[in-house]
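None of the figures in this text is laboratory data; all of them are computed from the coordinates on show. The structure presented is a predicted model; accordingly, all values stated were derived computationally and were not measured. Glycine gets a Cβ as well: all are built from the backbone with ideal geometry, and neighbour counts include every protein chain shown.
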Amino acid sequence: MKARYRTLFISDCHLGSNGAQAEQLARFLKHVEADEIYLVGDIIDMWRLKQRWYWPDSHNTVLRRLLKMSHKGTRIVYVPGNHDDASRQFCGLVFGGIEVAMEAVHQTADGRRFLITHGDKFDLVVRHSRLLSVLGSVGYELLLGINKWYNRARRLFGLPYDSLSQAIKLRVKRACSFISNFETALVRDAKEGGYHGVVCGHIHKAEQRDMDGIAYLNCGDWVESCTALVEHADGRIELVHGLEFLAARDAAKAQRADAAGDSAEDPADDADPWLEAPLAFLRVAQ
């Protein structure tokens, strides 16, 4: 049985880059249902695609899953970020049932209003130095490659996973006061707009906390942390760790399979032709 949520918030998937954990995201989407989904920016890494085309089948699977959910009645709102800013020219349009909007407002089941924004407009480096942002993105992807070998070595010595790339990135951000300034600016903007909170992404740091009476919610990413925000039927919002979610699902499925004597493998996706509907903002990246 799939996990049922009122709303699902996902950001920073970076499809099109080799750092994207698309297989895990596709599996996560297969195990959830939601009335609404907000894609909170940097879903497709158009910066990397313009430099080098990288699009394996697992990245297609993520888009197919989203389109299939939309086809079955899930409302999906796509709020582009800085890495997929080329799709901002399509704000106000609908592609494959997916609405594209610069920002959005979500009202929870308990009546709270949340501003939905990627958050890059509050990052001074992104606003004033695109070249530096692009270089930083390339450097981060290199760190992700180093991080894979680093953790393979740690496993040989029986050590737990440690995100070297995230630690370095967060230290650089702190040195520039980016994270604290970013969070403060977002909360201030939400408060001035009369919202109860803000849902964002951008800095790849999942967070759920109260700041000056305003709920600050950051989706995290699907590059390292593999996190998402979910709203339950009563309006309660929770931060979900995708890999832990999938591990629990796999364990439960294995137990059921052992009891029934059946295979625990997931069935293949339906090959519905409408799932291949073209998305114009993907063409922009080529």
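Side notes on the structure shown:
- Prolate/oblate/rounded call for region 1-48, Cα gyration tensor, a/c under 1.5 rounded: oblate
- Ascending count of other beta-carbon atoms within 10 Å, so fewest first, for Met69, Met46, Met102: Met102, Met69, Met46
- Each of Arg188, Arg152 was scored by other Cβ atoms within 10 Å of its Cβ. Arranged with the fewest first, they read Arg152, Arg188.
- Backbone N under 19 Å from the Gln107 label point (7 Å along Cα→Cβ), restricted to region 50-80: 75-77
- Segment Arg88..Arg209, full-extension length gain: 40.7 nm, with 0.36 nm per residue of separation and the alpha-carbon distance subtracted.
- When the chymotrypsin sites (Phe, Trp or Tyr not before Pro) in region 1-77 are filtered for DSSP coil states and for at most 11 other beta-carbon atoms within 10 Å of their beta-carbon, the remaining sites are Trp53.
- DSSP finds beta bridges in region 1-98, and of those with both partners inside it, around 5 percent are antiparallel.
- Full-extension gain in nm, Ser180 to Ala248, via 0.36 nm per residue minus C-alpha separation: 21.1 nm
- Amide H to amide H, with H built 1.01 Å from N, Ile37 comes under 5 Å of Leu8, Arg75, Ile76, Val77, counting only residues 5 or more places away or on other chains.
- Under 19 Å from the Glu192 label point (7 Å along Cα→beta-carbon), backbone N, region 203-242: 211-217
- Shape class of region 5-118 from the Cα gyration tensor (axes a ≥ b ≥ c, square roots of the eigenvalues): oblate, since a/c reaches 1.5 or more and a/b does not exceed b/c.
- The 3J(HN,Hα) values that the Karplus relation (6.51, -1.76, 1.60; θ = phi - 60°) gives for region 154-159 are, in residue order, 4, 5, 4, 9, x, 8 Hz. Gly and Pro appear as x.
- Computed 3J(HN,Hα) for region 19-24, one whole-Hz value per residue from the Karplus formula 6.51 cos²θ - 1.76 cosθ + 1.60 where θ = phi - 60°, is x, 5, 8, 5, 4, 5, glycine and proline marked x.
- Across region 78-86, computed HN-Hα scalar couplings (Karplus, 6.51 cos²θ - 1.76 cosθ + 1.60, θ = phi - 60°) run 9, 9, x, x, 6, 6, 10, 5, 4 Hz from first to last residue, x flagging Gly and Pro.
- Prolate/oblate/rounded call for region 191-241, Cα gyration tensor, a/c under 1.5 rounded: oblate
- Under 5 Å between amide hydrogens, built in the peptide plane, is the criterion, and for Ile43 it picks out Asp12, Cys13, His14, Gly81 among residues at least 5 positions away or on other chains.
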